1. Where does the protein assembly as shown land at 222 nm, in deg cm²/dmol rounded to the nearest 500, when only DSSP H runs of n ≥ 4 count, each adding -39500 (n - 2.57), divided by all residues?
2. Take peptide B:129-141, look around each residue's Cβ out to 10 angstrom, count Cβ atoms belonging to other protein chains, and average those counts.
3. Quick check: convex hull over the Cα atoms of chain B, volume per residue in Å³, rounded to an integer?
4. Sorted by mean Cβ packing within 10 Å, highest first, what order do the peptides A:58-64, B:129-135 take?
5. Would you mind estimating how fast the protein assembly as shown diffuses translationally, via Stokes-Einstein at 10 °C and 1.306 mPa s with the Kirkwood radius over Cα pairs, in µm²/s?
6. Using the Kyte-Doolittle scale, which helices in chain B average at least 0.0 and also have C-alpha atoms spread 20 Å or more along the helix axis, with helices defined as whole DSSP H runs?
7. By a straight-distance test (C-alpha under 23 Å), which lysines pair with B:LYS122 as possible cross-link partners, with residues fewer than eight away in the same chain excluded?
8. How well do other chains shield peptide A:160-172, expressed as the mean number of their Cβ atoms within 10 Å of each residue Cβ?
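The values are calculated or read from the model by the stated rules, or taken from the named source; none is laboratory data. Please read these numbers as outputs of a predicted model, since none were measured by experiment. Here the Cβ positions follow ideal geometry from the backbone for every residue, glycine too, while neighbour counts run over all protein chains shown. Surface areas here come from the heavy atoms of the whole protein model, side chains and all, with no ligands, DNA or RNA. Shrake-Rupley method; radii C 1.70, N 1.55, O 1.52, S 1.80 Å.
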Amino acid sequence: MTGAGGEPVRVRLWDPLLRVYHWLLAFFVIAAWLLGQFGPLNMTLHFWCGYIVGGLLVFRLVWGLGGPRPARFTHFVTGPRKVIAYGRGIFRREPSHWPGHNPLGALSVIAMLLVLVAQVVTGLISDPDDFINVGPLAGQVSRATSTAAVGWHNLGTWLILILVLLHVGMILYYRFWKREDLVRPMITGWKMVRRED
Amino acid sequence: MRLILAAAILLTPVAALAQDDAQRDALKARQGYMTAVATNMGPLAAMAKGDLDYDEALATFHARNLAALGNYEVEMHFLPGTAQGEVEGSHALPAAWQNLDDVRAKHNDFTAAAAAAPEGVKGGREQVAAVVQSLGGTCKACHDQYRAK
Ligand code: HEM
């Protein structure tokens, strides 16, 4: 994927909707997380944050299937060979200029999306036996499932924390070690990338 | 001497069994108590949501049961050796035994909310909803800390 001459060019990589989606997702996942962990006994606000995250995930699915190229799953879901090839350069002290989610970062994107989908689903069917914070679909599943869902939802809490910290940590690593700012492109859409093949 | 030894050997497992029984019973009683509380919460929560029409007599009936259950001393069911991992089927966290005073306090919050329930549910659906909110908060506060997920 080295472009002609390898010279990076400035392109409009991320479309406006994807950028708005990204920051809304970040905000509402963090809000849901903090409300779940430290919020009031009545979890109505937490539920609403969760519903919004669910809606954003539906948008992401649609965008991943039929959105602009860099947003599509087919554009960034790759096989192990590409991941390993990319991984070889991870310590190199230079920007990746990758036109989109790089093969390694894509793994983290997929993991975050899957865990968030699971988090929303388990939340919807959770019954924590307090009669005030019962997931709206808890009645549609067996009692054993709605009780177990509380445990899965709690497990998801920690998976999300780990994945989000990894995500933020890698962005800092790119910024300070590889000298590549990945945040600005997610705000303005513009990024210096190698031309695509 | 040999008799005493033989008796001791014979009786040790019996004593251990009796001990297990006490713990299994405490667990059954604890979970049964919670089930009784939940069974009385169910109709009130359904009424609060509107799944069940408001019925003052029915609401008062369950609220009185909750008030009675609230007066119950739960400590006896927090027998040592009945935490999760110590007896099969327990979902009570060991932290409960390290903070029995706090468990007591959380139970007292439930007692207070339940004591106000029989009068509180009178009037209509909204009143029931307010009672369910205040009761439910006390369940969550204790489960968050002392019940395994
Ligand atoms: C991105 C989405 C979500 C995140 C990050 C999230 C996070 C959390 C966290 C951190 C907790 C506290 C965990 C604990 O202490 O056990 C929690 C609890 C809970 N969440 Fe979510 N949640 C999300 C979506 C949802 C949704 C969509 C629902 C359902 C409408 C939901 C329902 C619940 C319930 C019922 C609890 C209480 C479980 C308990 O009392 O132990 N969550 N969530």
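1. -23000 deg cm²/dmol
2. Mean inter-chain Cβ contacts per residue within 10 Å come to 4.
3. 121
4. B:129-135, A:58-64
5. Rounded, D is 65 µm²/s.
6. What comes out of the filter, once short or polar helices are dropped, is B:2-49, B:56-71.
7. B:LYS49
8. If you average over the peptide's residues, the count of other-chain Cβ atoms is 0.
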